[in-house]
Structure formats: structure tokens, C-alpha cells
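Contents: one structure, followed by commentary.
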Amino acid sequence: MKQSLRAKRMAKHHKRLGSGSKLNLVSLMDIFTILVFFLLINSDDVEVLQNNEAIDLPKSVAEQKPDNTLTIMVSASDILVNGQQVARIADVLQAEETDIKGLAVELNYRAQRAGELTELQQQKGRAVTIMGDATIPYQLLKKIMATCASTDYRDMSFAVSQIAAKTDDTGVTTEPVDLLPQNIDGEG
Amino acid sequence: MFQFRRKHAQEAELDITSFMNLMIILVPVLLMSMVFSHITVLDLTLPDAGPGAAEDDDQPKILEVVLADDYLDINYPAGIRVKRIDKIASEDDPATLLHDYATLSVYLQEIKRQLKEKGIEKRDILVLSQPDTDYQTIISTMDTVRSYKAVVVTDVVDAELFPLISLGDAPVAEADTPAEVTP
């Protein structure tokens with residue numbers, strides 16, 4: 001087709017501009033690549049323990065990873081074993097005895113279901129993780145621990161929410177001198 | 001000929017559409033699975049024969065930390081007070097008093113060192129609490145007695161103090177315990 005000189009020039013001009021106006025994705029790609037690597041590195045540890053909304057775990061600098069064990073959750077109102085309610089806090093605190101009956105029944109049942117103990121378990125007892133709210137009193141904690149111990153769940157650990165450890169300058173404080181009584185003679 | 005040269009002059013384009021698709025899927029998936037609060041555990045060592053078991057003379061002496069409402073006591077051997085640490089004012093709010101864990105750590109480090117000098121390798125400790133001591137206080141104390149931050153050359157490392165922690169009841173009658181042992 002015969003075109004005028006002007007039409008030709010304009011077509012050429014449009015072509016040139018059109019090729020330059022592609023979407024530039026390079027910086028977006030950069031961000032995504034960095035983000036993907038960052039997230040991949042951060043998501044290497046899988047969350048074993050599911051935290052409950054009702055429980056505000058105490059804060060600690062502990063770094064030990066939780067094992068997949070039986071979990072006793074202690075919220076402000078109830079005691080739950082693997083998500084199933086076994087006792088009410090109010091009743092437990094009123095009761096005189098050191099054991100918690102509902103919890104003991106449930107733990108015994110689970111111990112039966114789990115079957116024979118391995119050699120390591122016989123030595124250390126069955127493993128259990130206690131997830132308690134930060135505000136529960138020691139009195140309650142003691143009853144739970146006593147119940148666990150009496151049902152042979154002796155390998156207890158406390159679930160805590162990890163916070164960054166602050167590096168304290170403990171060396172600066174004045175050194176206490178000779179704290180120990182003089183009469184300590186080796187391992188007596 | 002002219003057409004041929006035009007083709008060469010054009011920039012080569014990488015087709016990154018499929019890569020983009022992958023990224024767009026991967027980023028939200030990883031973001032969702034990301035854990036913002038890490039849950040860790042603190043191990044507990046039970047006293048061998050339950051709390052309040054009779055201590056024989058040939059048993060190793062027990063190091064105790066007593067958590068009271070307004071002070072912390074370090075006892076060694078059990079029942080004999082080495083040091084009482086009073087509460088200190090909080091840095092954020094001077095009206096509230098907090099347990100002085102930093103000082104507790106300093107004294108325990110010193111006890112660990114002095115025991116080592118006497119040839120005693122002690123790793124166990126007993127944390128004694130009142131019935132109404134709250135869980136956070138117990139955990140914080142356990143943190144303190146377990147280890148401390150030491151600086152080795154340029155690295156900050158966890159130095160061991162007494163990692164085998166047992167829990168127990170604090171003695172009720174505090175008044176008639178022996179007076180503070182002074183050097």
C-alpha cells in the first residue's frame with residue numbers, strides 16, 4: 001500500500017516508543033527473590049505446639065525446641081489434655097488433696113493406650129509438656145506436677161514463649177566475696 | 001536486508017512470566033506459614049523421691065533459691081541462708097518492685113566459682129516457691145539459675161550455672177531460719 005511520507009514516519013515513531021514502554025519488572029523480581037529466600041530460611045522450624053488464644057505463655061530466653069509430646073494446657077479456667085477438658089481450675093484450687101482426679105484418670109488412660117515403656121522412658125518417665133498461663137499460681141502448678149509424677153509422667157517440660165535474651169553486663173557489679181560458709185568440706 | 005538488521009537491533013527479552021507466577025504463589029504461602037512467636041520448652045528435673053524427702057547425710061548438699069513475695073534467698077546448704085536479695089524498683093515504673101534477677105545471677109556465678117575451687121561440680125538447684133508465686137516468676141527464676149550470658153572474646157555465649165532445676169515448696173516458718181552467714 002502506498003503511504004505518505006508522514007504516515008511512514010509516524011508509524012516508525014510509534015513502533016519505537018511502543019517497544020520501550022514495556023512493564024519493568026526487574027525491581028519487583030529482586031524484591032520477590034529476596035523475600036522468598038528470607039521466608040524459606042525463617043520457616044525451617046515447624047511449630048510443634050499449637051498455642052491457644054486463652055493461654056498467655058510466660059516469657060523466657062530458653063532455646064530448647066519442644067518435642068511432640070502429650071500436652072497439658074492450663075488456661076485461666078480449665079485444664080485440658082490434648083485439647084480435651086479434664087478439670088476446672090476453681091474446683092482444683094478448692095480441693096484439699098494434692099492430686100487432680102480428672103487429670104489423673106485421663107493421664108492413666110493415655111498411658112495405657114500408649115502401651116509399654118521403652119527403656120529410656122522407664123528411666124525418665126513418660127514425657128509431658130505443660131503449657132500454663134503466666135498468671136497461674138504455684139499451688140496449681142504443684143498439683144499438676146504431683147498428678148503427672150504420680151501417673152509416671154515424670155519427664156516434664158514447661159512451654160514458654162521465647163523472647164530475645166538481653167545481654168546484661170553482669171560483670172560490672174561488685175563482686176561478692178566468700179559467699180559460702182567456711183565449713184564446707186568437699187562433697188560432704 | 002533492512003528487515004534483517006532491524007531484528008538484531010531489538011533487545012533480547014527474558015520471559016519471566018512463569019517465574020513471576022511461582023513467586024506470587026510462594027510468597028503468600030511462606031508468609032502464612034511463618035511463625036511469629038516461637039514456643040520453646042524448659043526442662044524440669046524432679047527431685048528423686050518427691051518433695052520433702054528426707055535428706056541423708058551422704059547426699060550432696062542442696063543449693064536452694066527461695067522465692068518470697070519481697071525477696072529472693074539463696075541457701076547453701078539447704079536451710080542456711082547465704083544471701084538475701086531484696087526487690088528493686090522497676091526501670092520503667094519506679095513504683096513497682098521487681099525481683100532482682102541480675103544480682104541473683106551474679107551471686108550464683110560466684111557460688112558456682114567458689115564450689116569449683118573446692119572441687120565440687122554442682123549442676124542441680126532447688127527453686128522453692130510460695131503457694132501464690134506466679135508462673136512467670138518461677139520461669140524467670142529458672143531462666144536465671146539455668147545459665148548466664150558470658151562474653152568469650154567477642155561472642156556472647158550461654159554459660160552454664162545450675163541447669164538441673166527442681167521445684168519445691170518454700171519453708172513456711174521463715175523467721176527461725178539461721179541468721180545470714182557472714183564471712
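Worth a mention:
- Region B:114-133, subset surrounded by 12 or more Cβ atoms within 10 Å (Cβ to Cβ), at pLDDT 85 or above and over 26 Å from A:Ile130 (Cβ atoms), residue farthest from the other protein chains (Cβ to nearest Cβ): B:Leu115
- Every residue from region A:114-149 that is buried (at least 17 other Cβ atoms within 10 Å of the Cβ), among the hydroxyl-bearing types (Ser, Thr, Tyr) and more than 7 Å from chain B (Cβ to nearest Cβ): A:Thr147
- Residue check for B:Leu22: at pLDDT 85 or above and within 11 Å of another protein chain (Cβ to nearest Cβ): yes
- Residue within region B:134-148 that is surrounded by 16 or more Cβ atoms within 10 Å (Cβ to Cβ), closer than 21 Å to A:Pro58 by Cα, more than 8 Å from chain A (Cβ to nearest Cβ) and free of Cβ contacts under 8 Å to residues at least 24 places away in the same chain present: yes
- Any hit, region B:122-142, residues being in contact with a Pro (Cβ under 6 Å, 6 or more places away or on another chain), among the small types (Gly, Ala, Ser) and part of a strand (DSSP E or B): no
- Qualifying residue in region B:91-105 (condition: under 27 Å from A:Lys143 (Cα atoms), in contact (Cβ under 8 Å) with a residue 60 or more places away in the chain and either within 12 Å of chain A (Cβ to nearest Cβ) or part of a helix (DSSP H, G or I) (or both)): no
- Annotation: A:Val81 fulfils all but one of (1) away from chain B (no Cβ under 14 Å); (2) hydrophobic (A, V, I, L, M, F, W, C); (3) surrounded by fewer than 19 Cβ atoms within 10 Å (Cβ to Cβ); (4) touching a helix residue (DSSP H, G or I) at 6+ places or on another chain (Cβ under 9 Å); the unmet one is (3).
- The condition of being farther than 27 Å from A:Gln162 by Cβ and of a type in the set (Phe, Trp, Tyr) holds for B:Tyr71.
The values are calculated or read from the model by the stated rules, or taken from the named source; none is laboratory data. Quick caveat, the model's predicted, so the values are computed rather than measured. Every residue, glycine among them, receives a Cβ derived from its backbone with ideal geometry; neighbour counts consider all protein chains shown.
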